[in-house]
Amino acid sequence: MKLQKKLLTLFAIIACSLGYAQKNYQISGKVVDKDAGIPLEYATITLKDTKGNLPPQGGVTDYDGNFKFEVKEGTYDIVVEYISFEPKKYNNRTINKDTKMGTVSLGLKSDSLDEVVVRAETTQVDIRLDKKIYNIGKDLTTQGATVSDALNNVPSVSVDVEGGISLRGNENVRILINGKPSAMAGFGNTDVFQQLPADAIERVEVITSPSARYDAEGSAGILNIILKKEKTLGFNGSITANVGYPTNSNLSANVNLRTDKFNVFNTTGVYYRESPGNANFNNRYFGDDVSVDNTLEDREYDRRRKGINTNIGMEYFLTESSSITGSAFMRWGDDKDISTNKTSRFFENNLVNRTERKEIEKEEDASYQFSLNYQNKFDDKGHKLTADFQYSFDNEDKPTSIIENILEPNEDILDQERIFENEKQNQFLAQVDYVLPMGEAQFEAGYRGTFENTDTDYNLERYNFDTNQYEIDKGLTNLFKYTENVNAIYTQYGNKFGDFSFLLGLRLEHTLLKGEVFSEFGDEQALEEALGINVDTNFEKDYLELFPTINLIYELGENENISLGYNRRINRPRGWFINPFPSRSSRTNIFQGNPDLDPAFSDAFDLGYLKQWDKLTLTSSVYYQRETGAFNRIQEETGETTQDGVKIIRTLPINLSTEQRFGGELGVIYNPERWLRVNGSFNLFASDTKGDFNGVNYDAKNTSWFARFSSKVTLPANIEWQTTGFYFGPRETAIIDTDGIFSLNMAFSKEIIKDKATLSLNVSDLLNSRKRRSFTNTQENSLDTNYFTSDSEFQWRERQITLGLIYRFNQPKNGRRNGQRNQGGMDMDEEGGF
C-alpha cells in the first residue's frame, strides 16, 4: 500500500504541474460493429503520449456506443478496441482542440484459427477447437457463494452433495487453476472449493477434448478455472461483503494498480461459515452367524469453516512485447467438524443396544504458492515464448477426538480414541511453451515437469480403561510417503483450409510413482495380516506413454459448425486411493486405499454441433469413451467385527477391468428481449462396466441424466431476478441405486449506486431438497449367503440464505473497463499459457 500511495502522489504532483502548462480538450465519437452496424458498449479508447511524458488516458463507450472524455493537449497514438474485434489504431494524432472522431467501425477478427465467439447477456460462451469457455461473472446465484456453487452452474459440470465434481457424470476430471495444478485446488482435493469465494473466478474452461498442450491427466477431461486479474489503467477495484443464515459471512477486496510500466494486483478475503448437515442409515445383515441383523444410524454434522486467503502479484513490462509476472497465493484455514452418530442395533426386532458416537475433528491448514511467469511476444501475430515456474506447499494438521458411549441397556463408555494426522505436500512445476504462427497455420511445442511429494503421518491412540491411559494402536499408526513425478513434452500443429480447421497434437509423458509405508510392524507379512489386504510397503511404478489428440472443425455457415475430437487420457491414482491404512467414518464403516492400483487409460471421441441465430444459440455434442483399468469403489466385509459383534464393512478402490461411457448433451441460450434471458442444458449419459473381484461379479449398466435451467428477468425499478434449477437423475451401479436429486436457487440484485454499489439476495437450495438417497445391496452379484443392505439419506448442507453488497471504485458494473481488452474471453496467454 505504501508503494501505491507514493505512485498516486507522484502522479498527482505531475498532473498538477502539467495542468498549469497544458489545456484539456474533449474527444468524442462512436464505436459500432462494422458488419451489423450495432453500437459496441464498453469498447475501450486508449491514448498514449508519443513522447512518454504523460500517463495513458482514455475512456469507454456507453450503451449506445458513444464516448466523450477530456485529454490533455499533446500528440498521441490512439487505439480503439473491443473483445474479439480487430483493433483500430490512429498514430501520431495531435490533440490541440476539441476533436470529433466520428464513427469508428470495428470488424470481427478473421485470423483466429480456433475460435468462434457466441455472446449473450447472461452467459458468454467461447467455442474453440479444444474447449468451451463460460464467463460466470453475471451469475447472481453465485454471489456470496463458493467456487463449488459456481461450478455447479456450469454446463456439463455437476457437483454432488459432498462437493465431488463430475464432468458429464464422470468424476475422473482434472482441475487446474490458471492452466496449472495448484495448491489453490488442494492438489486434487475438491474440499477447498467449498471454502474459496466464487467472486474470485473470471471464467471456467470446460475441456472435454483436450489438445496436446494440456496434461493427459483426467479421463473425463479438464476444468480450468481462471481467476480474475485486473487490467484497468490506474487504481481501481471492488469490495464485497456477505452475511447469511446459517452463518455465512465473508469480506473480500479485489484491487489493482496499473501504469504503463507495471500492474500490481491483489485479492484478499476472510470468511466464517457454518454448514449443518445430516444423514441416516438403515443397515440390514443377512447370514448364519450374525448377532445383529439391523442397525439404524442417525448422524448430525456441525461444520465450521473460517480462514483467510490472499493472492498478490505484480506484472512488470520489460518492453512493449515482454513482461515478467510474480505472484504469491496464501491461504490459512481453521476448521472444525463435529459429527454425532446415534446408532440403535437390533436382532430379530429386539433392541440389542443403543450407542452415541461423537467425533470432533479440527483442521489447521496453511497453503502457499509462489509463481513466476515470463512472456515474450515477438510480434502481433501470436509468435511468442512463455516460461513458468511454480512452487506450492500445503500443510494440514487434523487432530481428532472420538468418544462412544453405550446409552442402552446400561450407560457406559464404550470407546475413546485420539487421532493425530499431519499431511504435507510439496510441488514444483516448470514449463516452457513456444508458439509460431505461419499464416493460417500455427505450430506449438512445449515442456512441463511436475514433481510432487506427499507425507501423511497418522497416529491413533486408544484409551485403556484398565490403565486409564491412551495407548498407541500399532496396527493403524503409520507414515505414508508418496511421490508422483511427471515429465512431458508436446507438439501440435493447426491449420485452416477454407471452412475446414484442424489441430493435431502428440504428447509424451513419463510418470514415476513411488510409495513407502512405515509402521510399528517389523515385517510385511504382519502388516498384511493387520490390514487385511496384500500390500507392497515399498512400491515403484514407471510409465512412458504417448497421448495423441485430433480436433477438427468444419464451418457449415457463418454461424454454424460441426466439430470432431479424439484424445487419449490417463487417470493416475491419488495418494489417498493408494494409502493402505484405513480411515473410519464409524466403527463399522472404513475406507482403505489400495497400493496395487494402476493408472487407468481411456480413448475418447466427441462430435459437436453449434448453431447461432439472432437471439438463440444452440450447442450440442455426442461422445464415447472406453477406459481400461477403470477405478471402482467396492464394498465388502472385512471378516472382523466390533467388540459388540457388528460386522465391519470396508470400501476399497480397485482397477475394475473396462468401462464404456457414451452420451450426449444439449445447451441453449435464448435472449428474446433485453429484460429476459434464458439458458438451459441437458446431459444424458450411460456406462457399461465389466469386471470381477474376489469372486464377485461387478458387471453393471447405468443410465442417468442431469439438466439445469436458468432464467434472468429484469423487473421494474431495474431489479434483476435469477432462478436456477438443477436435477440429477437416478443412477445405479452394480450394488448401489441412487435416487434423483433436485435443487432450486433464486437470487435478486439491485444497483443502489450507479456503477458503484449493488445489493443482492441469494437463496441456495430454496426447497431444502438437495439430499442423496441411495440403496445398497451386496447380494446382487454375489452367491454368498452372507450379505448386507443399506438404505441411506445424506444432506451435506441445508438451505442457505445470503445477503451481499459489492462496492466498485473506478470500474463499471459489467466489468469491461478502460484498458481491459478482453472480458470473460481473456486470452489464455495472459495467464501464463499451458
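The table for this structure:
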read-out: Checking THR319 against (1) modelled with pLDDT under 90; (2) part of a strand (DSSP E or B), the condition it does not meet; value: (2)
read-out: LYS381 being in contact with a strand residue (DSSP E or B) (Cβ under 9 Å, 6 or more places away or on another chain), among the basic types (Lys, Arg) and not in a strand (DSSP E or B); value: yes
read-out: Members of region 53-71 that are surrounded by fewer than 20 Cβ atoms within 10 Å (Cβ to Cβ), under 16 Å from ILE95 (Cα atoms) and free of Cβ contacts under 8 Å to residues at least 60 places away in the same chain; value: ASN53, LYS68, PHE69, GLU70
read-out: Residues located in region 546-597, provided they are among the small types (Gly, Ala, Ser), surrounded by fewer than 21 Cβ atoms within 10 Å (Cβ to Cβ) and either in a strand (DSSP E or B) or touching a strand residue (DSSP E or B) at 6+ places or on another chain (Cβ under 7 Å) (or both); value: GLY557, SER583
read-out: Residue under evaluation GLU315, criteria (1) touching a strand residue (DSSP E or B) at 6+ places or on another chain (Cβ under 7 Å); (2) over 30 Å from ALA387 (Cα atoms); (3) in the same structural domain as ARG418 (by TED's automatic domain parsing), criterion not met; value: (2)
read-out: Candidate set from region 454-469 (those that are among the acidic types (Asp, Glu) and over 26 Å from the mean Cα position of the chain (by Cα)); member that is surrounded by the most Cβ atoms within 10 Å (Cβ to Cβ); value: GLU461
read-out: Hits in region 598-628 (condition: among the small types (Gly, Ala, Ser) and within 17 Å of ASN679 (Cβ to Cβ)); value: SER620, SER621
read-out: Check on ALA707, closer than 18 Å to ARG633 by Cβ and either modelled with pLDDT of 90 or more or buried (at least 16 other Cβ atoms within 10 Å of the Cβ) (or both); value: no
read-out: Count of region 661-686 residues which are under 24 Å from PHE601 (Cβ atoms) and among the aromatic types (Phe, Trp, Tyr); value: 2
read-out: Residue within region 246-256 that is of a type in the set (A, V, I, L, M) and in contact (Cβ under 8 Å) with a residue 40 or more places away in the chain present; value: no
read-out: Given (1) modelled with pLDDT of 75 or more; (2) in contact with a Lys or Arg (Cβ under 8 Å, 6 or more places away or on another chain), index of the condition ILE165 fails; value: (2)
read-out: GLU461 being in contact with a Ser or Thr (Cβ under 6 Å, 6 or more places away or on another chain) and in contact (Cβ under 8 Å) with a residue 24 or more places away in the chain; value: no
read-out: Hits in region 669-717 - residues which are of a type in the set (D, E, K, R) and more than 26 Å from the chain's Cα centre (by Cα); value: GLU673, ARG674, ASP688, LYS690, ASP692, ASP699, LYS701
read-out: Wholly within region 88-154, strands (runs of 3 or more DSSP E) carrying at least 2 residues that are at pLDDT below 70; value: 115-118, 124-128
read-out: Enumerated strands (runs of 3 or more DSSP E) restricted to region 686-783, each holding at least 3 residues that are within 20 Å of LEU652 (Cα to Cα); value: 736-738, 772-777
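Residues are listed down the side, and each one gets a yes or a no for (1) out of contact with any His (no Cβ under 8 Å at 6 or more places or on another chain); (2) without any contact (Cβ under 8 Å) to a residue 40 or more places away in the chain:
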| position | (1), (2) |
| --- | --- |
| THR340 | yes, no |
| GLU359 | yes, no |
| ASP365 | yes, no |
| SER371 | yes, no |
| HIS383 | yes, no |
| GLU396 | yes, yes |
| ARG418 | yes, no |
| LEU436 | no, no |
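This table checks each residue for (1) in contact with a Gly (Cβ under 7 Å, 6 or more places away or on another chain); (2) modelled with pLDDT of 75 or more; (3) not β-branched (Val, Ile, Thr).
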{"site": "GLU217", "(1), (2), (3)": "no, yes, yes"}
{"site": "ILE239", "(1), (2), (3)": "no, yes, no"}
{"site": "ALA253", "(1), (2), (3)": "yes, yes, yes"}
{"site": "LYS261", "(1), (2), (3)": "no, yes, yes"}
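The rows are residues; the columns are (1) surrounded by fewer than 16 Cβ atoms within 10 Å (Cβ to Cβ); (2) touching a residue at least 60 places away in the same chain (Cβ under 8 Å); (3) not in a strand (DSSP E or B).
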| residue | (1), (2), (3) |
| --- | --- |
| ILE406 | no, no, no |
| ASP433 | no, yes, no |
| ALA445 | no, no, no |
| GLU452 | no, yes, no |
| GLU471 | yes, no, no |
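Per-residue answers, yes or no, for (1) in contact with a Phe, Trp or Tyr (Cβ under 9 Å, 6 or more places away or on another chain); (2) crowded, with 19+ Cβ neighbours inside 10 Å; (3) part of a strand (DSSP E or B); (4) in contact (Cβ under 8 Å) with a residue 12 or more places away in the chain:
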{"residue": "LEU607", "(1), (2), (3), (4)": "yes, no, yes, yes"}
{"residue": "LEU618", "(1), (2), (3), (4)": "yes, no, yes, yes"}
{"residue": "GLN625", "(1), (2), (3), (4)": "yes, yes, yes, yes"}
{"residue": "ILE648", "(1), (2), (3), (4)": "no, no, yes, yes"}
{"residue": "LEU666", "(1), (2), (3), (4)": "yes, no, yes, yes"}
{"residue": "ILE669", "(1), (2), (3), (4)": "no, yes, yes, yes"}
{"residue": "ARG677", "(1), (2), (3), (4)": "yes, yes, yes, yes"}
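For (1) buried (at least 18 other Cβ atoms within 10 Å of the Cβ); (2) at pLDDT 85 or above; (3) touching a strand residue (DSSP E or B) at 6+ places or on another chain (Cβ under 9 Å); (4) closer than 30 Å to THR638 by Cβ, each residue gets a yes or a no:
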| site | (1), (2), (3), (4) |
| --- | --- |
| TYR727 | no, yes, yes, no |
| THR733 | yes, no, yes, yes |
| ASN745 | yes, yes, yes, no |
| ASN781 | no, no, yes, yes |
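The values are calculated or read from the model by the stated rules, or taken from the named source; none is laboratory data. This one's a predicted model, so the numbers in the text were calculated from it and none came from an experiment. Note that each Cβ is placed from the backbone with ideal geometry, even for glycine, and that neighbours are counted across all protein chains shown.
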